[in-house]
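Worksheet for the structure shown next.
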Amino acid sequence: MGVPTAVAWGATAVFGLLVRPCVSRLVRLDYTRLGPGVRQADLAGLLMAVAMTAMVSPVGFPVPVAGWQALFVVTACWFLVAAARERAERRVCRGCDLHHAVSAAAMVYMLAAAPHGDAGHSVWPIMVGEDVTGGEGEFAVPAVALACVLYFAVDTAMTVRRVVRTRRDGASLPEGVASRFGCRAVMSAGMAAMFAVGLAV
């Protein structure tokens, strides 16, 4: 999306680093004790980390765009249903299902509406690099992209505030929650930045 290659590599490293805590939680946590839905949330976090790494990588997508879209449509539907059925007393993170549904839907929109430059609507889009500019230099339906910028920016601030307030009050977070919220803050900040860059080009 007009991002210099050096910056794209830096973003690739940041999103790539998020894969480790996601995998660590999946292999370490006792999900039976944590309750239903937590494993799915961690799997969604891993999917987002891998997808964002692929999106910003100057190397390009390892999966055709239709494959990513199918994955995120299924993910959005899954978490939308989960959010409708959510029981507060059985959740480690209230509202997380809805957040994952929104995030997955935003990824579907980004893949469908993002500027792809000379790649057009190729099955192997190129979304970063100095040469990704020109006639298709903005998101389709930019109001949706602006709404995504605002949502993810606010989510970043609220997630950081929640963790800081909990630690300031001396309360201990359940196992894995600090890691999960840390990843969520970084991912939301990255999503806000991606949409903002798409609007700016």
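The values are calculated or read from the model by the stated rules, or taken from the named source; none is laboratory data. All values derive from a computational prediction rather than experimental measurement. So basically every Cβ, Gly included, is an ideal-geometry build from the backbone, and we count neighbours across all protein chains shown. Just so you know, the surface numbers come from the protein's heavy atoms only, side chains and all, with ligands and any DNA or RNA stripped out. Shrake-Rupley method; radii C 1.70, N 1.55, O 1.52, S 1.80 Å.
If packing is taken as the average count of other Cβ atoms within 10 Å, what order do 149-161, 37-49 fall into, highest mean first?
Put in order of decreasing packing, that is 37-49, 149-161.
Tell me the net charge near A44. Cut-off is 13 Å between Cβ atoms, A44 excluded, with +1 for each Lys or Arg and -1 for each Asp or Glu.
Result for the neighbourhood of A44: +2.
Taking a probe of 1.4 angstrom, what is the accessible area of M194 in Å², to the nearest 10?
We get 20 Å² for M194.
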